[in-house]
Amino acid sequence: MSRYWLMKSEPFKYSWDDLVAEKEGTWDGVRNHRAKNNLAAMTVGEEAFFYHSREGLEIVGIVTISVEGITDPTDPEGKWAAVKIKPKRKLKSPVSLKQIKAEPRLAECELIRLGRLSVAEITPEEWKVILELAGE
């Protein structure tokens, strides 16, 4: 069964538009054990929301995991995980953190409960609610 994810990036470092321009990007630089475990659990074909953190604070698009189980190329010790992602599509309407916090069906979402987590798992039910908020 496929799993769903949310991946945060500061847009001034790496934005949705940067990923679209590259066509495929490496999701690296994660230095949190839970986020690392989430990256390691991802499989090719699974989808993730692309979330702009710090600026915007909103989900802007959907990506597909294109390469799984790689070692983070920015880690000289080789103990951190990474994946490659490809943009799938931009959301019809971005979904803000404010909207997510205001939606009772998302109260247990890792984005809310573990706000500092840069790579979070999203349940299938949460995925559907967020798409609904995006007008999809």
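The values are calculated or read from the model by the stated rules, or taken from the named source; none is laboratory data. Since the model is a prediction, treat every value here as computed from it, not as a measurement. Please note: Cβ atoms are built from the backbone with ideal geometry, for glycine as well, and neighbour counts cover all protein chains shown. Quick note on the areas: whole protein, heavy atoms, side chains included, nothing else; ligands and nucleic acids left out. Shrake-Rupley method; radii C 1.70, N 1.55, O 1.52, S 1.80 Å.
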Step through the residues of the range 96-107 one at a time and calculate ³J(HN,Hα) from phi using the Karplus curve (6.51 cos²θ - 1.76 cosθ + 1.60, θ = phi - 60°), rounding each to whole Hz and writing x for Gly and Pro.
7, 4, 4, 4, 5, 5, 7, 8, x, 5, 10, 4
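Tell me, in nm to one decimal, what length is gained between VAL20 and LYS88 on full extension, where the rule is 0.36 nm per residue of separation less the Cα-Cα distance?
On the way: separation 68, 0.36 × 68 = 24.48 nm, distance 0.90 nm.
Between VAL20 and LYS88, full extension yields an extra 23.6 nm.
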Does anything in the range 11-36 have its amide N under 18 Å from the 7 Å Cα→Cβ label point of THR71, and if so which residues?
26-32, 36
Residues with amide H under 5 Å of TRP27's amide H, sequence separation 5 or more or different chain, H placed in the peptide plane at 1.01 Å from N; which?
VAL83, LYS84, ILE85
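Mind checking the full-extension length gain between ARG113 and LEU57? Use 0.36 nm per residue of separation minus the Cα-Cα distance, one decimal, nm.
Details: separation 56, 0.36 × 56 = 20.16 nm, distance 1.55 nm.
Working it through step by step, the gained length comes to 18.6 nm.
How much of the accessible area of the range 1-57, in percent, comes from carbon and sulfur atoms when a 1.4 Å probe is used?
Numbers: 1410 of 3010 Å².
Answer for the range 1-57 is 47 percent, counting heavy atoms of protein chains only.
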Surface per residue (accessible, 1.4 Å probe) for the chain, Å²:
53 Å²
Along the dipole axis of the range 23-136 (charges at Cβ: +1 for Lys and Arg, -1 for Asp and Glu; origin at the Cα centre), the most positive-end residue among ASN37, ALA102, PRO73 is ALA102
Listed candidates (i) 2, 9, 16, 18, 16, 15, 12, 8, 4, 1, 0; (ii) 2, 11, 21, 25, 22, 12, 4, 1, 0; (iii) 2, 11, 20, 21, 16, 12, 9, 6, 3, 1, 0 - label of the one calculated as P(r) over Cα pairs in 5 Å bins from 0, in percent
(ii)
Using R₀ = 30 Å, calculate the FRET efficiency as 1/(1 + (r/R₀)^6) where r is the Cβ-Cβ separation of GLN99 and LYS13; round to 0.05.
0.80
Probe radius 1.4 Å, ligands and nucleic acids ignored: give me the carbon and sulfur share of the accessible area of the range 72-129 as a rounded percent.
52 percent
If the only charges are +1 at each Lys and Arg Cβ and -1 at each Asp and Glu Cβ, what is the size of the charge dipole of the range 20-101 around the Cα centre, to the nearest 20 debye?
420 debye
Would you work out which of SER93, HIS52, ALA82 lies farthest towards the positive end of the dipole of the range 43-128? Charges go on Cβ: Lys and Arg +1, Asp and Glu -1.
SER93
Non-local residues with an amide H under 5 Å from the amide H of GLU46, with H modelled 1.01 Å from N and Pro and chain starts lacking one, are ILE65
In order over the range 30-35: 3J(HN,Hα) from phi, Karplus 6.51/-1.76/1.60, θ = phi - 60°, whole Hz, x for each Gly or Pro, gives 7, 10, 10, 5, 5, 4
